[in-house]
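Here, each number is a calculation from the coordinates, and none is a lab measurement. None of these values were measured; they are calculated from a predicted model. Backbone-built Cβ (ideal geometry, glycine too); neighbour counts: all protein chains shown.
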Amino acid sequence: MVELWPPPVVRRKDRVWLHVLLVLLTLVTTTLAGVDHYLAFRNTFATPSLSLALVVHGLAYSLTILAILGAHEMGHYVACRRYGIDATLPFFLPAPFILTGTFGAVIRIRQPIFHKSALFDIGIAGPIAGFVIAVPALLLGLHWSTVTPPPSGPLPPNVVWLSLGEPLLFKFASWLVWGPLPDSLSLNMHPVAFAAWFGLLMTALNLFPIAQLDGGHISYAVFGRRATWITYAGFLVALSLSLVSYSWVFWTVTIAAMLFMAGPRHPPVVDEDMPLSPGRRWLALAALIIFALCFTPAPIQPMDLLGR
């Protein structure tokens, strides 16, 4: 009897029509969100009729955010294919009537992962791929942004000014493009810059070292079963952040639901004994640095809560 390792994979067919439909729906919802961001960028609070010019400006946002999210998920997908692991194409998640126009994108891995090296590569490939796209998009978006005095006086009805937390990478990129800004001025972000900002935030969220998140995969590959304690610590950090900023509440509830349904322990790989190479351990440190560069403790705050 001959045992093949890894075992041959019978790939199930993807419902390509569903993936294409979700991409198109997400393109529509993110383009509409992009139109709203562009109108806010131009300080145009009236609701004009939709025109080709506005759609083009909306597409600048939507194509940027889809490129970042798509690169992230394709990083996972390509890594799965490299190891012969059956995984779906990315599912994009449209979200009409919210700030981003999308909840992100996911893939589904449809079989056990063979060893820690494969798990590590699959987990880290997504954040690195998305990060590589987000950085030049951020620099371009900041170049198209403007510098204006902070808003003052009463706002138009149904308009809320938002203050976005600035990750370390965002602050550094802003300094490169605009130099140090005095307190009398603030950055009015172009929609492409906002798409890149959201891409950085999603990268940080996915790198949280919790269970089935990308950071959880990396943590398990590096620390093995001890990663369960890191998951508990990561959840406590997310819970504490909810007390700092209300914008963390949804993410914390999502993590809690995930832990309730799947449990805090990462599923084991087939071969637990294969060690992780030193190069991958250095890449784990790089992932930690990327997390630190993309993280912000208060992502979104209404300016009324900041004493405007």
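Here are some notes:
- Summing charges over all other residues whose Cβ lies under 12 Å from the Cβ of ARG265, with Lys and Arg as +1 and Asp and Glu as -1, gives +2.
- Antiparallel DSSP beta bridges within region 16-306, percent to nearest 5: 90
- Helix 227-244 axis versus longest C-alpha principal axis of the chain: approximately 10°, rounded to the nearest ten.
- Proximal charge balance of MET74 [Cβ under 13 Å; K/R count +1, D/E count -1]: +1
- Cα-based shape type of region 206-308, given that a ≥ b ≥ c are square roots of the gyration tensor eigenvalues and the cut on a/c is 1.5: oblate
- Computed [θ] at 222 nm, deg cm²/dmol, the chain (DSSP H ≥ 4; -39,500 (n - 2.57); rounded to nearest 500): -19000 deg cm²/dmol
- Within the shell of other residues whose beta carbon sits under 13 angstrom from the beta carbon of LEU181, the net charge comes to -1, with Lys and Arg scored +1 and Asp and Glu -1.
- When every Cα-Cα distance of the chain is counted in 20 angstrom steps from zero, the calculated P(r) takes the values 30, 56, 13, 1 percent.
- Note on region 113-255: percent of Cα-Cα distances in each 5 Å bin, starting at 0 and stopping at the bin with the largest distance, equals 2, 9, 15, 16, 15, 16, 12, 8, 5, 2, 1, 0, 0.
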